[in-house]
Amino acid sequence: MSENRSHLDEKYTWDLTSVFPTDEAWEEELAELATDVEVAQNLAGHLLDSSDSLFQTTETYMGLMRRLEKLYVYASMKNDEDTTVAYYQELQAKASALYAKLSETFAFYEPEFMALSEETYAKFIAEKPELELYHHHFERLFKTREHVLSQEAEELLAGAQEIFSGASETFSVLDNADIAFPWVTNDEGEVIELTHGNFISLMESKNREIRKGAYEAMYGTYEQFQHTYAKTLQTNVKVHNFKAKVRKYDSARQAAMSANFIPEAVYDTLLEAVNNHLPLLQRYMKLRQKVLGLDDLKMYDIYTPLSEVDMAISYDEALEKAESVLSILGEDYSARVRRAFTERWIDVHVNKGKRSGAYSGGAYDTNGFMLLNWQDTLDNLYTLVHETGHSMHSAYTRENQPYVYGDYSIFLAEIASTTNENIMTEALLAEVTDEKERFAILNHYLDGFKGTIFRQTQFAEFEHAIHMADQNGEVLTSEYLNNLYAELNEKYYGLSREDNDDIQFEWARIPHFYYNYYVYQYATGFAAANYLADKIVHGTQEDRDKYLDYLKAGNSDYALNVIAKAGVDMTKVDYLNAAFKVFEERLTELETLVEKGVHL
């Protein structure tokens with residue numbers, strides 16, 4: 001059992017006094033902000049009274065949001081340090097409640113803004129040059145005008161939000177609280193209850209019987225509840241399609257992607273490119289079968305690592321390695337990495353009650369804090385450089401953009417983090433001399449590619465198919481969903497559905513199918529990162545400078561334009577083909593090592 005935080009060396013904890021010096025200071029700011037939000041209620045109905053009114057109301061809105069984000073970040077991060085402390089749970093709840101109040105207070109903003117004509121807008125800009133700062137922000141609002149409804153209709157939709165989210169919330173309660181999985185045996189020979197948390201580690205077991213037992217227990221449970229899961233997913237899809245239709249979009253996909261102004265061609269190009277390269281995935285599956293020494297490969301065999309080598313690395317060694325490898329991006333980038341590593345941006349070690357996993361967070365006026373739960377493994381080295389990529393992206397954006405553009409879209413978020421991972425892979429492969437360690441690094445890369453580009457695209461293909469089926473009047477019964485998923489799985493992995501009958505129920509356990517066209521961004525982001533890392537490591541100083549410009553851009557331009565400036569045209573297939581080229585080269589190298597018997 002992990003110990004509480006009092007045992008941790010301070011240098012391995014993040015310094016949240018840089019956000020608020022004390023909890024009391026936080027409470028004072030909360031009270032002041034609540035008062036200011038109350039006063040802001042008087043702004044409703046007056047947004048377009050004059051150019052000055054538009055400017056002052058927008059400034060007030062942004063200023064209040066900026067202060068609230070800082071409040072929320074402190075409360076949520078204090079809560080994440082130890083989720084059992086009631087006081088910080090309460091602070092987070094107070095910050096969330098104030099956020100709801102602020103949203104309600106400024107609900108008038110968009111509907112009132114939509115009444116602004118192009119002529120009046122031009123007049124306002126001429127009268128009040130300070131409005132130019134917000135031009136791109138206003139331009140985005142204008143572009144959505146045809147999809148914004150009357151104020152009365154918008155209020156009706158907003159009022160029905162709890163009803164709309166019912167299917168997703170029912171799935172969450174069923175999947176996380178109510179469902180009970182059987183007891184299975186682990187590597188130590190102990191009989192334990194199967195959970196979402198331990199399923200993957202069981203699937204990574206070197207013992208095939210343990211993998212098979214966990215797999216059959218998991219999917220046998222989903223088979224039992226397949227009709228309920230089909231109903232929650234069908235209802236959620238209907239909500240997406242209904243909202244899209246009401247807002248005059250052609251489809252739910254168009255509605256979802258238009259939020260980031262991404263053309264649907266980006267999605268179609270991804271699906272086409274991945275389908276064209278499925279033979280590579282199936283080649284990797286055959287190699288996996290050979291290394292594992294199996295007569296036949298099953299779906300429960302695709303997660304266990306092929307390498308026997310445990311590349312142990314301590315946290316302090318990982319900091320040194322990360323700083324050295326990322327120095328390729330220049331002294332300006334390195335200086336920020338050093339700050340993150342030495343000025344207590346990172347909460348490193350596991351402690352009792354600490355939130356699991358890892359993330360990079362923060363707000364416009366804070367450092368790009370990182371939460372880790374460190375273990376001395378190769379995976380954790382990659383987690384460190386991944387989260388550092390997010391934090392550097394945030395730092396560059398916040399330093400170079402005003403608050404209104406001081407963030408970046410989800411579409412771009414995973415690129416900076418995964419680019420760092422790919423730079424690390426290039427560096428490790430360039431310096432490693434031990435063939436067994438080389439095997440481990442190649443296996444890590446290929447598994448990451450498989451799990452991100454191939455698997456997330458399989459999810460994206462399934463997600464789009466079920467939305468289109470519902471739009472065309474098809475009923476999404478469990479039978480329909482099982483068949484569709486089984487067909488896709490066989491197409492991707494080349495493993496027959498007859499021999500892998502249980503996998504047809506996997507759709508039921510994927511929470512991302514409730515996120516509304518989210519998963520494709522993992523795949524596009526990973527492929528773009530592959531492409532950029534290659535340009536950074538093997539390209540010119542100009543390539544590296546363009547990459548830093550992308551990190552600085554934030555939301556100052558549309559996402560596709562921002563990434564195009566870094567040298568990636570995500571409307572074309574080239575960046576995807578380049579990623580598959582790297583995958584094939586590394587797969588070929590792993591095949592060569594296997595032929596030499598390195599894995600034995």
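Let's test the formula: R0 of 51 Å, r as the Cβ-Cβ distance of ASN198 and GLU119. What FRET efficiency results, to the nearest 0.05?
Rounded to the nearest 0.05, the efficiency is 0.25.
What number, in percent, do you get for the relative contact order of the range 1-156 if the mean sequence gap of Cα pairs under 8 Å and at least 6 apart is divided by its residue count? Before the final figure, lay out the partial values.
On the way: 86 pairs, mean separation 39.5, N = 156.
Contact order relative to length: 25 percent.
Solvent-accessible area of MET311, probe 1.4 Å, all protein chains present, reported in Å² to the nearest ten, please.
For MET311, solvent-accessible area is about 40 Å².
Grab the Cα-Cα distance for ASN275 and HIS46, subtract it from 0.36 nm times how many residues apart they are, and report the gain in nm with one decimal.
Here the answer is 77.1 nm.
Quote the FRET efficiency, to the nearest 0.05, computed for ASP557 versus GLU431 with a Förster distance R0 of 51 Å and r equal to the Cβ-Cβ distance.
Values: r = 37 Å, r/R0 = 0.73.
Efficiency at R0 = 51 Å is approximately 0.85.
Can you give the accessible area of GLU487, probe radius 1.4 Å, in Å² rounded to 10?
Per-residue accessible area (GLU487): approximately 110 Å².
Relative contact order, percent, of the chain when contacts are C-alpha pairs under 8 Å separated by at least 6 residues?
Relative CO of the chain lands at 18 percent.
May I ask for the net charge around GLU90, where only other residues with Cβ less than 14 Å from the Cβ of GLU90 are counted and Lys, Arg are +1 while Asp, Glu are -1? Write down the numbers at each step before the final one.
Numbers: positive: LYS78, LYS94; negative: ASP23, GLU27, ASP82.
Local net charge: -1.
Note the listed values (i) 3, 14, 24, 28, 21, 8, 2, 0; (ii) 3, 16, 27, 30, 19, 5, 1, 0; (iii) 3, 17, 25, 24, 17, 10, 4, 0, 0, then indicate which one is P(r) over Cα pairs in 10 Å bins from 0, in percent calculated from this particular structure.
After the calculation, the listed value that fits is (i).
Checking the table LYS212/LYS354; LYS70/LYS321; LYS206/LYS450; LYS552/LYS572 against a 22 Å threshold on Cα-Cα, which pairs fail?
From the list (LYS212/LYS354; LYS70/LYS321; LYS206/LYS450; LYS552/LYS572), the Cα-Cα distance tops 22 Å for LYS212/LYS354; LYS70/LYS321; LYS552/LYS572.
Among the lysines, select those whose C-alpha is under 16 Å from the C-alpha of LYS596, and discard any that sit fewer than 8 residues away in the same chain.
Straight-distance partners of LYS596: LYS290, LYS436.
Note the angle between two axes, namely the Cα long axis of helix 455-471 and the longest principal axis of the Cα atoms of the chain, as a number of degrees from 0 to 90, rounded to the nearest 10.
Tilt relative to the chain: about 60 degrees.
Tally Lys and Arg at +1 and Asp and Glu at -1 over the other residues with C-beta under 15 Å from the C-beta of ASP365: what net charge comes out? Each step should come with its number before you reach the end.
Numbers: positive: ARG66, ARG67, LYS70, ARG398; negative: ASP15, GLU29, GLU69, GLU399, ASP407.
Residues near ASP365 contribute -1 overall.
Over the Cα atoms of the range 247-339, compute the convex hull volume and normalise it per residue, giving Å³.
About 241 Å³ per residue, rounded to a whole number.
Could you pull out every one of the lysines with an alpha carbon less than 23 Å from that of LYS231, ignoring same-chain neighbours closer than 8 positions?
Of all the lysines, those that pass the test against LYS231 - Cα under 23 Å, at least 8 places apart if same chain - are LYS243, LYS245.
Taking all protein chains as present, what is the carbon and sulfur share of the accessible area of the chain, in % to the nearest whole number, probe 1.4 Å?
With neighbouring chains kept in place, the figure for the chain is 49 percent.
What residue among SER258, SER165, HIS196 has its Cα farthest toward the positive end of the dipole of the range 118-269, where the charges are +1 on Lys, Arg and -1 on Asp, Glu, each on the Cβ?
SER258
Report the FRET efficiency, 1/(1 + (r/R0)^6), for GLU190 and THR84, where r is their Cβ-Cβ distance and R0 is 22 Å, rounded to 0.05.
Between GLU190 and THR84 the formula returns 0.25.
Between the range 132-153 and the range 399-440, how many Å separate their Cα centres?
What the calculation gives is 34 Å, centre to centre.
Using only the Cα atoms, what convex hull volume per residue in Å³ does the range 28-82 have? Let's see the in-between values first.
On the way: hull volume 4.0 nm³, N = 55.
Measuring per residue, one finds 72 Å³ for the Cα hull of the range 28-82.
How would you rank 36-42, 372-378, 421-427, highest first, on the average number of other Cβ atoms within 10 Å across their residues?
Sorting 36-42, 372-378, 421-427 by mean packing, highest first, produces 421-427, 372-378, 36-42.
Treating the beta-carbon of each Lys and Arg as +1 and of each Asp and Glu as -1, no other charges, what is the dipole magnitude of the chain about its Cα centre, to the nearest 20 debye? Before the final figure, lay out each step's value.
Working: 54 positive and 101 negative charges, 187 e Å.
Dipole magnitude for the chain comes out near 900 debye.
Do you know the relative contact order of the range 493-567, to the nearest whole percent, from alpha carbon pairs under 8 angstrom that are 6+ apart?
Reported relative contact order: 20 percent.
The values are calculated or read from the model by the stated rules, or taken from the named source; none is laboratory data. Just so it is clear, the model here is predicted, and its values are computed rather than measured. FYI the Cβ positions are ideal-geometry reconstructions off the backbone, even for glycines, and counts take in every protein chain you see. Surface areas here come from the heavy atoms of the whole protein model, side chains and all, with no ligands, DNA or RNA. Shrake-Rupley method; radii C 1.70, N 1.55, O 1.52, S 1.80 Å.
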